[in-house]
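In what follows, a single structure is set out as structure tokens and then discussed.
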Amino acid sequence: MIIVMRPGAPEADIARIQKLLAARGLGAHISIGESLTIIGVVGDKSRLDTEQLGLLPGVEKLVPIMEPYKLASLTFHPGRTSFTIRGVEFGGHELVQIAGPCAVESEEQLEITAAAVARAGARVLRGGAYKPRTSPYSFQGLEREGLRLLREAADRHGLLVISEITSEVDLEEAAEYVDIVQIGARNSQNFRLLSAVGRSGLPVLLKRGFAESIDELLSSTEYILSEGNYRLILCERGIRTFETATRSTLDLSAVPVLREKTHLPVFVDPSHAAGKASLVAPLARAAVAAGADGLIIEVHPNPPQARSDAAQQLTPAQYADLAAELARIAAVMGRGPEPA
Ligand code: PEP
Ligand code: MN
């Protein structure tokens, strides 16, 4: 439920309501707009006498929220959430590009990739260090050493670092090296992991699960937001359908749908959806045109030799061409960066 206050309601009226909610063990999420102040009520509403609440001074009306999620909802939190990490704004004016290999393999691999993607305009270096794969006999990642290599390469080229964790056990170690924690499709509904990253306070990129509806994804976000962590990015990466021509079906409608339902930034990962390098550019272009706030794209200096996801990684040259095109589409969409 949200409590809409009368225009110009004095602070004392807002404070009175906050106190009443606290006395019932409920949280208050306050958004002060130019003309309107709204108070989002978090917790079990049955503890409230809503009739009495509606009559309090300053209260205009009470609006029930039908969705199972609250903190992520645009109704609860009007306006867009954006946040800045070391000069890079997420959910703001600029299209943010995240690029790098599927998995961290070596110092040389990262140096070539980081130099190339930074030159092409990417702001964040990606790379998996913990890679529990579909088969336990496949390459499992370099773990701490991989994170260290990622951090060093990113620092040499002025990039931020994002890397996936798959277990709460790895959170502390990852926190020493990354700027953003990635939660992958396989863990999108691993609720204890989501609560733990919420508590860590680290910025998070949460991917949609293979078989997760948009409302379920938004419910997953509540585990992070309810810990007070609002530095959260959502990422569409394709879902499982009957179609076999692509690795997953990129649900591009998720971009405008999410932008209607939530204030959180929305990114797209065309690489894992496509599963095939030739499809990455058209999907990436469409994602920007659909209104995505950013992209995450796999780039490898020698894709055929990659230890994971060889078929979908772009070469640095392919990525540079794509990044330049994306900047031009971003400009048409009224976003930065300015195309070269
Ligand atoms: C990844 O980005 O490295 C990854 C494993 O992606 P997803 O979780 O979308 O499969
Ligand atoms: Mn991958």
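The values are calculated or read from the model by the stated rules, or taken from the named source; none is laboratory data. Treat the numbers as computed from the prediction; the structure is a model and nothing was measured. Counting neighbours? That spans all protein chains shown, and the Cβs are built from the backbone with ideal geometry, glycine included.
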> When only residues in the range 74-121 that are within 16 Å of ligand 2 (Cβ to nearest atom) and either surrounded by fewer than 16 Cβ atoms within 10 Å (Cβ to Cβ) or closer than 18 Å to VAL181 by Cα (or both) count, which is farthest from the chain's Cα centre (by Cα)?
Replying inline: VAL104
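Looking only at the range 136-146, decide whether some residue is hydrophobic (A, V, I, L, M, F, W, C), surrounded by fewer than 24 Cβ atoms within 10 Å (Cβ to Cβ) and more than 16 Å from ligand 1 (Cβ to nearest atom).
Step one: list which residues in the range 136-146 are hydrophobic (A, V, I, L, M, F, W, C), which gives 139, 142.
Okay, now just the ones that are also surrounded by fewer than 24 Cβ atoms within 10 Å (Cβ to Cβ), so 139, 142.
Then drop every residue that is not more than 16 Å from ligand 1 (Cβ to nearest atom), which leaves none.
So far as the range 136-146 goes, no, none of its residues is hydrophobic (A, V, I, L, M, F, W, C), surrounded by fewer than 24 Cβ atoms within 10 Å (Cβ to Cβ) and more than 16 Å from ligand 1 (Cβ to nearest atom).
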> Only one of LEU264, LEU234, LEU283 is closer than 25 Å to VAL41 by Cβ and within 16 Å of ligand 1 (Cβ to nearest atom); which?
Replying inline: LEU234
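Does GLN182 qualify as being part of a loop (DSSP other than H, G, I, E, B) and either in the same structural domain as LEU110 (by TED's automatic domain parsing) or surrounded by fewer than 22 Cβ atoms within 10 Å (Cβ to Cβ) (or both)? Break it down stepwise before answering.
Working: part of a loop (DSSP other than H, G, I, E, B): no; either in the same structural domain as LEU110 (by TED's automatic domain parsing) or surrounded by fewer than 22 Cβ atoms within 10 Å (Cβ to Cβ) (or both): yes.
No.
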> Name the pairs: first residue in the range 291-306 and without any contact (Cβ under 8 Å) to a residue 60 or more places away in the chain and outside any loop (DSSP other than H, G, I, E, B), second residue surrounded by fewer than 24 Cβ atoms within 10 Å (Cβ to Cβ) and among the aliphatic types (A, V, I, L, M), Cβ to Cβ under 7 Å, at least 6 apart or on different chains?
Replying inline: PRO303/ALA277; PRO303/ALA310; PRO304/ALA310
> So how many residues does the range 50-78 have that are among the acidic types (Asp, Glu) and outside any loop (DSSP other than H, G, I, E, B)?
Replying inline: 2
> If you take the residues in the range 282-314 that are surrounded by fewer than 24 Cβ atoms within 10 Å (Cβ to Cβ) and among the charged types (D, E, K, R), which one is nearest to SER138 (Cα to Cα)?
Replying inline: ARG307
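For the range 27-49, what are the residues that are assigned to a loop (DSSP other than H, G, I, E, B) and either of a type in the set (Lys, Arg) or farther than 26 Å from LEU206 by Cβ (or both)? If you could, list the steps in order and put the result at the bottom.
Just the residues of the range 27-49 that are assigned to a loop (DSSP other than H, G, I, E, B), to begin with: 33-36, 43-44, 48-49.
GLY33, GLU34, SER35, LEU36, LEU48, ASP49 - these are the residues of the range 27-49 that are assigned to a loop (DSSP other than H, G, I, E, B) and either of a type in the set (Lys, Arg) or farther than 26 Å from LEU206 by Cβ (or both).
Results for (1) at pLDDT 95 or above; (2) in contact with a Gly (Cβ under 9 Å, 6 or more places away or on another chain); (3) in the same structural domain as GLY146 (by TED's automatic domain parsing); (4) among the β-branched types (Val, Ile, Thr), shown as yes or no for each residue.
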position: LEU250; (1), (2), (3), (4): yes, yes, yes, no
position: VAL266; (1), (2), (3), (4): yes, yes, yes, yes
position: SER271; (1), (2), (3), (4): yes, no, yes, no
position: LEU295; (1), (2), (3), (4): yes, no, yes, no
position: TYR319; (1), (2), (3), (4): yes, no, yes, no
> In the range 82-109, what residues are charged (D, E, K, R) and either in contact with a Cys (Cβ under 8 Å, 6 or more places away or on another chain) or not in a strand (DSSP E or B) (or both)?
Replying inline: ARG86, GLU105, GLU107, GLU108
> What is the number of the single condition among (1) closer than 30 Å to ILE214 by Cα; (2) out of contact with any strand residue (DSSP E or B) (no Cβ under 8 Å at 6 or more places or on another chain) that LEU55 does not meet?
Replying inline: (1)
> Considering only residues of the range 269-280 that are part of a helix (DSSP H, G or I) and free of Cβ contacts under 8 Å to residues at least 40 places away in the same chain, which is farthest from ligand 1 (Cβ to nearest atom)?
Replying inline: SER278
